[in-house]
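**Q** Here it is, the structure in full.
The values are calculated or read from the model by the stated rules, or taken from the named source; none is laboratory data. Just so we're clear, the structure is a prediction, and the values are computed from it rather than from any experiment. Cβ sites come from the backbone with ideal geometry, for glycine too, and all protein chains shown count toward neighbours.
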Amino acid sequence: MSNSIDTKIVSKLAEILNRNGLSELEYETENCRVSLSKTCCSQPVSIQPAAQIVETPVVSAPAPVATPATEDDISSLAGCVKSPMVGVVYLSSDPGSPNYVKIGDMVSQGDTVCLIEAMKTFNPVKAHTGGRVTKILVESGDPVEYGEPLVVIE
C-alpha cells in the first residue's frame, strides 16, 4: 500500500471546503482518509491510512447567546440545535429503532438528538443545552446544510 497522497485531491477538497463555507470535510478511499477542518486558527490536515482510522467524538459548539426572535427566525432561538455539517439527517440509529428525541421529551446537555451522515460517517448531533424539545424541523433522510436548524429545545 502506498502512503503517497495526491496533493491535487487535497487542494480540490480545500477549495470545496472554502467555497461552500464548510467547517469540516472528509474524503475516504480504500487506501486513505483525508479529513479537513477549518477553525479560527489554522489546523494541520490529517491524513491516515484506511486501516488506522480511529473514531473521534464530535464536540458540540457552546450554546448561542439568546437573542429576541420572531417565529419566522427559528435559527436565532437560543435553544435551536443547528447542523454542524452538510449531510443527511437521521432521527434514529436505524429504521427499526425509536427516534433519539420526540416533541415533549426532556433532554440534558450532551444528549444525542439526531445523526448526520456525511461521507459514509455517522456523526452524532448533541443538545448544547438541557430542556424540553418543542420542535423537530427535519425528517429522517432529509439533506441538511451547515447551520440549518434541526431541533428546538426550550
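**Q** Taking interchain pairs and intrachain pairs at least six residues apart, which have beta carbon atoms under 7 angstrom, with the first residue in the range 92-120 and touching a residue at least 60 places away in the same chain (Cβ under 8 Å) and the second surrounded by 11 or more Cβ atoms within 10 Å (Cβ to Cβ) and aliphatic (A, V, I, L, M)?
**A** These pairs meet every condition: Ala118/Met85; Ala118/Val86.
**Q** Can you tell me which of (1) at pLDDT below 95; (2) closer than 16 Å to Leu77 by Cα is the one Arg132 doesn't meet?
**A** It fails just one condition, (1).
**Q** Do you know which residues across the range 109-136 are in a loop (DSSP other than H, G, I, E, B) and among the polar types (S, T, N, Q)?
**A** Matches in the range 109-136: Gln109, Thr129.
**Q** What is the number of the single condition among (1) part of a loop (DSSP other than H, G, I, E, B); (2) closer than 23 Å to Leu17 by Cα that Leu150 does not meet?
**A** Result: Leu150 passes all but (1).
**Q** OK, next. Counting only residues that are surrounded by 13 or more Cβ atoms within 10 Å (Cβ to Cβ) and part of a loop (DSSP other than H, G, I, E, B), which one in the range 1-23 is modelled with the lowest pLDDT?
**A** Out of the qualifying residues, it is Ile5.
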